[in-house]
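First up is the structure itself, then whatever we jot down about it.
The values are calculated or read from the model by the stated rules, or taken from the named source; none is laboratory data. A quick note: this is a predicted structure, and the numbers were derived from the prediction, not measured. Backbone-built Cβ (ideal geometry, glycine too); neighbour counts: all protein chains shown. Heads up: the accessible areas ignore ligands, DNA and RNA and are worked out on the full protein's heavy atoms, side chains in. Shrake-Rupley method; radii C 1.70, N 1.55, O 1.52, S 1.80 Å.
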Amino acid sequence: MANISLIITIKRAWWVMPYIYGVQLFSELTGLDPDYDKVAATIARGLEVNAT
């Protein structure tokens, strides 16, 4: 049986982590839940996934 190797590299933009922390902060301050679909779409724009 053949072995298969897969390397996945994920790079994130510099603003992804501050964005997540900002969403969490405003959610806690206001007591409201964020729109998770919009948050996920925004974060996806800041991620780059490469598989080799």
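Output the residues belonging to the chain that are of a type in the set (Gly, Ala, Ser) and modelled with pLDDT of 95 or more. Passing the criteria: 13, 22, 27, 31, 40, 41, 44, 46.
Being among the acidic types (Asp, Glu) and either open to solvent by less than 60 Å² (accessible area, probe 1.4 Å) or assigned to a helix (DSSP H, G or I) (or both) is the filter here; which residues of the range 36-51 pass it? If the condition is that a residue be among the acidic types (Asp, Glu) and either open to solvent by less than 60 Å² (accessible area, probe 1.4 Å) or assigned to a helix (DSSP H, G or I) (or both), then 37 is the only one that fits.
For first residues located in the range 30-44 and of a type outside the set (A, V, I, L, M, F, W, C), partners that are part of a helix (DSSP H, G or I) and open to solvent by 60 Å² or more (accessible area, probe 1.4 Å) and lie 6+ apart or on another chain with Cβ distances below 8 Å form the pairs 34/26; 42/19.
Restricting attention to the range 4-25, the residues that are open to solvent by 100 Å² or more (accessible area, probe 1.4 Å) and part of a loop (DSSP other than H, G, I, E, B) total 5. As for the range 26-35, it holds at least one residue that is surrounded by 10 or more Cβ atoms within 10 Å (Cβ to Cβ) and of a type in the set (Phe, Trp, Tyr).
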